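Structure first, then comments.
The values are calculated or read from the model by the stated rules, or taken from the named source; none is laboratory data. Given the structure is predicted, the values throughout are model-derived calculations rather than measurements. When we count neighbours, we look across all protein chains shown, and the Cβ atoms used for this are built from the backbone with ideal geometry, even at glycine. For accessibility, only protein heavy atoms count, side chains too; no ligands or nucleic acids. Shrake-Rupley method; radii C 1.70, N 1.55, O 1.52, S 1.80 Å.
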Amino acid sequence: MKYSSIISFLIITLFISVTQAQDQAAATDFSIDYEKFTLDNGLEVILHVDKSEPIVAVATMMHVGSNREKPGKTGFAHFFEHMSFNDSENVPVGANRKLIPEWGGSRNGGTWSDGTVYYEVVPKDAFEKILWIDSDRFGYMINTVTKAALEREKQVVKNEKRQRVDNAPYGYTDEIIRKNLYPEGHPYSWTVIGSLPDLQAATLEDVKEFYNKYYGAANASLVIAGDIDISETKKLVEKWFGEIPSGPEVEPLKPMPVSLSKTKSLYFKDNFAKLPELRMVFPTVEAYNEDEYTLNVLGQLLSGSRKSPLYKIIVEEEKLAPNVGSYNNSSELAGEFVIRVRANEGVDLDEVKNAIDKGLADFEKNGFTDAELNRIKAELETQLYYGVATVLNKAFQLVQDNEFGNDPGYITKRTKLYKQISREDVMRVYNTYLKDKNYVMTSVIPKENPELAVENAQEASVWEEEVTAMNANEEVSQGEEAQYEKTPSKYDRSEPPFGEAPLFEMPDVWQAKLDNGMNVLGIENTELPLITFNITIPGGHRLDPKNKAGLAVLTADLLNEGTQTKTPAELEEAIGLLGSSITIRGGLEEITVTGSCLARNFDKTIQLVEEMLLQPRWDEKEFNRLKQELRTSLKGQEANPRSIGALNFNRLIYGQDHTYAIPSEGTLETEKNISLADVKAFYKNLSPNGASFKVVGDIQKQEVTKTLASLSNKWKGEKIKLPSEKITNMSSQGNLYFIDVPNSKQSVIYIGLPALSANNEDFPKLDFANEILGGGSSGRLFQTLRIEKGYTYGAYSFVPARDEIAPFTINTSVRANATLPSLEIIENMVKEYAPGFTKEDVELTQNKVIKQNTRAYESLNAKLNILTQIDKYGKSTDYISEEQQLLMNMNLKDFKNIINKYIKENKMVYVVVGDKATQFEEVKKLGKKVIELDIYGNPIN
């Protein structure tokens, strides 16, 4: 998993409050029920009962992150997390990544500066199995580590770094900031993922030393949340985790805040960036310091709304960027307050820096209104509930606060701290940490535009990997299993049996039809006082004129920019004071209004939706700003190899004249053709006749239809006829198209062919038939390219659900010098897929899919997707059960027929985006016709 992504949830859920805006009734303090106990070995265990779904989440958090590493051995905590998933004494090799999905579960791990977490969610019949596999990884893995496994996992982690850092725009910024914000030797002065030379130098002895020092039971917390019995779970925890050694005492790290004696300004010429980006980073406080929460609010006040000073000056007045961000990020030892602006193409970052200074000066002079502070607090109450809306989210919250806040129920205290934040507190932390303080400033600019950097900035240096032919140490394999004497145990540590299988129960779906022709579908869910809804209006990009692609997107975006009676800032504030969110977006096949709110504010939220839909402001200034924002976004995509690959793959699949071959956002050429008059004309396509309103949450059918009565009376229109296009382009089939992105550390690969619409009765069958090939980490693509070969961080296959025909797609990003062998593996795997499909594969697919369904529809958004399937594709209100029965009735011949019908290797288009200098001649060895394209899809002769 991305080494920092797991903590992103935790950061969001820490940023909470239950204080209401002035016109709302006060809310009570929030808490999560739990029971805590400690095993004799020091492992702290927290249990939370939630019987809303027949699933269980398990999260184990180790109090060890990259802050425990030493220079020369950086990236080791994250690397060890990867190693932990490979093998253990009592669990088969590779079972972590393969068996858990086959049980219907999901699993992953994450590492950040301060900690490492491992987590799973499974149907409750696999609960003891997950304790078996989780405890064995924790306490019984170190004897199984081999040199071959070590070398293979090095390649996987290095591929992750290439994908997320080396081959990504602005990927090196974090490294530059850390090196200059923190003094040499400070635990935050290196990145979490570390350096490739350090990773390559890691030895078996390093792995064992790290495990023995930090992976003791007394250095961890375990949370189990879900459909459990407390007394039985305590016995199982004692059995599976009680014998894990305590480990040596790990000395707690005390806060190590930093201060800068001077401001540092640096620039970096980025190989992939197309837009200049400026960041200013100020040192702040460690996590759980009370100032952390006020700094979080300060970040929102500076840039989080249209009334915020940084937004007003940078975006609206000086038009330097489409947006600006400011936020505080506090970790265990220190914190950082970041101001970040990714500017429009060609903007000099000196102008951006001056605009930031003006914005901060405005904040010092004029401050903020009570309404702005109330808006933030109201929004955070809703975020609070969404932050604990699933059992996994609850597990994360409990385990984080126990391990780092020494209190699993710290959420209650945090709530009170946010509630108490005053105007004086905000200005105090601004003056303490930002005003006239030194900072680190980075100018990351396109490599061909060094003149855009802030004047007098010093060039930053980073270590960059050279693209070479495959080295001997990169040729890796599974290797032999380790020889060792098993750790003795008083328990039988073999795989336990499944418990009683839970049955998936389709939620009750109610339906109605309004007088204006709009369908209404709903699922009542009373666990939390939340409501999630959307309105889908058919059309979207499908109705765009070819020379004005992006029109649907711009039309939808402009509907967010105020109403006839409210400026954009006033509309934003009105939504925020309710703690609600409303967003209108244009997509490939529809325009969608998406919203969420507290149940008590549903009526007022829908009133604002009605105003946005029926009383657009049509502000020309906002229209011009949105066009500039779109241009900036489209230009930025030219820097992203994955975006380049996806864009050209779609063009080759559909043919350049097909609507679906053109991005729904349009192109830099089509954007120029769109006027405000075009937007007003397109708006007439937004008809309720054929549209649908879907809602999930704490509300009954009669309340929904009553609230929608006004919208039904005022919004009228005839049903819009949607165009249908055939795919006529067949000339690309069987060819390989190569797109050069010089010095790419990875090759992005897209392979596929036109398949079918989600309306086709074969769609669920193809979805089932793909499971073994590319359905997640247990699929053959992932197991071979990542687990066996170490060529990639991930490899998958899928068919997107669309009204029109969608492509069967294989996608991965592989190490540059593994491009050809990866292509050969995929080619052979697809060719042999149907002939090699077995009865065992049929049974595995049936078991996997059926069990996944017990946990797949827990969240409000997942339930909303059920309603989308029913509405958009005409499925029954019991379609999940019906498709399960369809799957159980499929035999081996049925699977092979579907594979042969839709997964035809000889008809597939191959797209490779990578380094031409080293890979172009290599891919020719695949034996396909190779055609070189530029990033826009034009042939290069």
With the cut-off at 32 Å, tell me which of the pairs 154/269; 269/546; 269/907 have Cα atoms farther apart than that. 269/546; 269/907
Between residue 702 and residue 201, Cβ-based FRET efficiency (R0 60 Å, step 0.05) works out to 0.35
Tail beyond 23 Å, pair distance distribution of region 299-440 (Cα, percent): 46 percent
With Kirkwood's inverse mean 1/r over C-alpha pairs for Rh, give me the Rg to Rh ratio of the chain, two decimals please. 0.94
What Kirkwood radius, in Å to one decimal, follows from the Cα pairs of region 230-304? 18.5 Å
Once phi is turned into ³J(HN,Hα) by the Karplus curve 6.51 cos²θ - 1.76 cosθ + 1.60 with θ = phi - 60°, what whole-Hz value does each residue of region 793-799 show in order, with x for glycine and proline? 8, x, 8, 9, 9, 6, 10
How compact and how long is region 61-167, expressed as Rg and Dmax of its alpha-carbon atoms in Å? 14.3, 45
Distance between modelled label sites at residue 669 and residue 354, nm, 7 Å Cα→Cβ extension: 3.7 nm
Using alpha carbon positions and the Kirkwood radius, the Rg to Rh ratio of region 643-742 is 1.14
With the convex hull built on the Cα atoms of region 557-677, state its orientation-averaged projected area in nm². 8.9 nm²
In debye to the nearest 20, how big a dipole does the chain give about its Cα centre with +1 on each Lys and Arg Cβ and -1 on each Asp and Glu Cβ? 1740 debye
Once amide H atoms are placed 1.01 Å from N in the peptide plane, what residues at a sequence separation of 5 or more from residue 699, or on another chain, have their amide H within under 5 Å of its amide H? 525
Karplus 3J(HN,Hα) series, Hz, for region 182-188 with 6.51 cos²θ - 1.76 cosθ + 1.60 (x for Gly, Pro): 10, x, 4, x, 5, x, 9
Taking H as built 1.01 Å from N, whose amide H comes closer than 5 Å to the amide H of residue 689, not counting residues under 5 places away? 717
Compute the convex hull volume of the Cα atoms of region 79-227, divide it by the residue count, and report the result per residue in Å³ as a whole number. 139 Å³
Return the tail of the calculated pair distribution for region 359-499, meaning the percent of Cα-Cα pairs more than 18 Å apart. 81 percent
Run through region 230-323 and list the GluC sites (Glu not before Pro) located in a DSSP loop whose Cβ has at most 16 other Cβ atoms within 10 Å. 249, 290, 318
Work out, in µm²/s and without decimals, the Stokes-Einstein translational diffusion coefficient of region 778-863 at 4 °C, 1.567 mPa s, Rh from Kirkwood over C-alpha pairs. 85 µm²/s
How big is the Cα convex hull of region 416-553 in projection, averaged over all directions, in nm²? 26.6 nm²
Considering only C-alpha atoms, what is the centroid distance from region 39-62 to region 821-853, in Å? 34 Å
For the chain, what is the calculated [θ] at 222 nm in deg cm²/dmol (nearest 500), taking -39500 (n - 2.57) for each run of four or more DSSP H residues and dividing by its residue count? -11500 deg cm²/dmol
Could you check the spin-label model distance between residue 456 and residue 38? Points 7 Å from the Cα along Cα→Cβ, value in nm. 5.5 nm
Using square roots of five times the C-alpha gyration tensor eigenvalues, list the equivalent-ellipsoid semi-axes of region 683-755 in whole Å, biggest first. 46, 21, 13
Determine which lysines satisfy two conditions relative to residue 924: a Cα distance under 16 Å, and not lying fewer than 8 residues away in the same chain. 916
Of all lysine pairs in region 827-897 that are eight or more residues apart or on different chains, those with Cα atoms under 24 Å apart total 18
Share of pairwise Cα separations in region 248-372, more than 20 Å, in percent: 51 percent
So if I restrict to the alpha-carbon atoms in region 643-693, what is the Rg, and what is Dmax, the biggest pairwise distance, in Å? 14.3, 37
Whole-Hz ³J(HN,Hα) for each residue in region 291-300, computed from phi via Karplus 6.51 cos²θ - 1.76 cosθ + 1.60 with θ = phi - 60°, x for glycine and proline: what do you get? 5, 4, 6, 5, 5, 4, 5, 4, x, 5
The chain: relative contact order as a whole-number percent, Cα under 8 Å and 6+ apart: 16 percent
Based on the alpha carbons, how large is the Rg to Rh ratio for region 861-941 when Rh follows Kirkwood? 1.21
Checking the a/c ratio against 1.5 first, then a/b against b/c, what shape does the Cα gyration tensor give for region 202-272? prolate
Considering only protein heavy atoms and a probe of 1.4 Å, how much of the accessible area of region 196-275 is carbon and sulfur, as a whole percent? 51 percent
Reported to the nearest 10 Å², residue 78 has, with a 1.4 Å probe, an accessible area equal to 0 Å²
Calculate the FRET efficiency for residue 565 and residue 420 from the Cβ-Cβ distance with a Förster distance of 41 Å, rounded to the nearest 0.05. 0.70
Quick one: what does P(r) look like for region 566-609 with 5 Å bins over all Cα pairs, in whole %? 5, 22, 30, 22, 12, 8, 1
Taking a ≥ b ≥ c as the square roots of the eigenvalues of the Cα gyration tensor of region 801-907, is the shape rounded (a/c under 1.5), prolate (a/b larger than b/c) or oblate? prolate
Distance between region 170-186 and region 749-772 - C-alpha centres, whole angstrom: 44 Å
Interchain or long-range residues, amide H under 5 Å from residue 331's placed H: 287, 336
In nm, spacing of pseudo-spin labels at residue 412 and residue 897 (7 Å Cα→C-beta vector): 6.1 nm
With all protein chains present and a 1.4 Å probe, how do 506, 256 order by accessible area, largest first? 256, 506
Tell me, what is the per residue accessible area of region 279-378 in Å², probe radius 1.4 Å? 31 Å²
Which of rounded, prolate, oblate describes region 734-798, given a ≥ b ≥ c as roots of the alpha-carbon gyration tensor eigenvalues and a/c under 1.5 marking rounded, otherwise prolate only if a/b is larger than b/c? oblate
For region 854-931 and region 362-388, distance of Cα centres in Å: 42 Å
Across region 196-323, what fraction of all alpha-carbon pairs, as a whole percent, falls in each successive 10 Å bin from zero upward? 8, 17, 23, 23, 18, 10, 1
